[in-house]
Every structure is written in structure tokens, then in C-alpha cells.
1. Could you go through segment 14-23 and let me know if any residue there is in contact (Cβ under 8 Å) with a residue 40 or more places away in the chain, assigned to a loop (DSSP other than H, G, I, E, B), touching a strand residue (DSSP E or B) at 6+ places or on another chain (Cβ under 7 Å) and aromatic (F, W, Y).
2. Among the residues of segment 64-85, count how many are open to solvent by 40 Å² or more (accessible area, probe 1.4 Å), out of contact with any Ser or Thr (no Cβ under 8 Å at 6 or more places or on another chain) and more than 14 Å from V6 (Cβ to Cβ).
3. Taking T70, is it in contact with a Phe, Trp or Tyr (Cβ under 8 Å, 6 or more places away or on another chain) and in a strand (DSSP E or B)?
4. Tally time: how many residues in segment 24-47 are surrounded by fewer than 16 Cβ atoms within 10 Å (Cβ to Cβ) and more than 14 Å from P83 (Cα to Cα)?
5. Here is a list of conditions, (1) touching a helix residue (DSSP H, G or I) at 6+ places or on another chain (Cβ under 8 Å); (2) open to solvent by 100 Å² or more (accessible area, probe 1.4 Å), and Q52 meets all of them except one; can you say which number that is?
6. Can you pull out every residue in segment 14-23 that is among the hydrophobic types (A, V, I, L, M, F, W, C) and open to solvent by 50 Å² or more (accessible area, probe 1.4 Å)?
7. I need a count of the residues in segment 38-79 that are over 15 Å from F14 (Cα atoms), under 14 Å from the mean Cα position of the chain (by Cα) and among the basic types (K, R).
8. Can you work out which of the residues in segment 1-13 that are in contact (Cβ under 8 Å) with a residue 12 or more places away in the chain and in a helix (DSSP H, G or I) is most open to solvent (accessible area, probe 1.4 Å)?
Amino acid sequence: MRCVTVYTNEFEKFSDIFEQVLISDIPENEDTEVEGVTVGSVSDIPEEYIEQMRVKPEVVVMRDKKRGITILQHGKIFEIFIPSV
């Protein structure tokens, strides 16, 4: 599972760049910018991490069931979990 972290706490800004982030080729363990927002990518995220985070009251969990994507919002970040192909 791959995780793309979007460093913003603004849902509207996140929503505006979400599709672009999904198709961007973001280098592993490096930060880049998408429309002025810092974005980073990491692979090999354990399933347990998502389960541990989703039970925390300060974490908002969103799902895109069609694509199997889970999005966690907490603090000033959004984490997009994309299943490995």
C-alpha cells in the first residue's frame, strides 16, 4: 500500500488537487509541490497503521470504495492510502 501525504488542513484545497495528486508521479520519500501544496509519497504502509488511526477521535476517515482508496485527515495533513497494484 502506498501513502501520499498532502500537507494542508484546508479540505477545499485538498479536494481541488486530489485527482492531480493521484495521477502525479511523486518520488518515493521526497516532497514535491502540487499547486503550492507540499505532497510526499511513501510505500509499504502496514494495514495496521490505518486501523490504529481510524479509531482515534481526532481522525476523519473517508473512503473511495470504487478505487479502494482510504483517506485520513488529522492535524494539518491528509493521508491518501492507495492499494498496490
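1. No, there is no match, as no residue in segment 14-23 is in contact (Cβ under 8 Å) with a residue 40 or more places away in the chain, assigned to a loop (DSSP other than H, G, I, E, B), touching a strand residue (DSSP E or B) at 6+ places or on another chain (Cβ under 7 Å) and aromatic (F, W, Y).
2. Going through segment 64-85 one residue at a time, the tally reaches 5.
3. Values: in contact with a Phe, Trp or Tyr (Cβ under 8 Å, 6 or more places away or on another chain): yes; in a strand (DSSP E or B): yes.
So T70 passes the test.
4. Residues that pass the stated criteria total 12.
5. (1)
6. Selection gives I23 alone.
7. 2
8. Among those residues, the one meeting the criterion is F11.
The values are calculated or read from the model by the stated rules, or taken from the named source; none is laboratory data. Nothing here was measured: the structure is a model prediction, and the numbers come from that model. FYI the Cβ positions are ideal-geometry reconstructions off the backbone, even for glycines, and counts take in every protein chain you see. Keep in mind that these areas ignore ligands, DNA and RNA; they rest on the heavy atoms of the full protein, side chains included. Shrake-Rupley method; radii C 1.70, N 1.55, O 1.52, S 1.80 Å.
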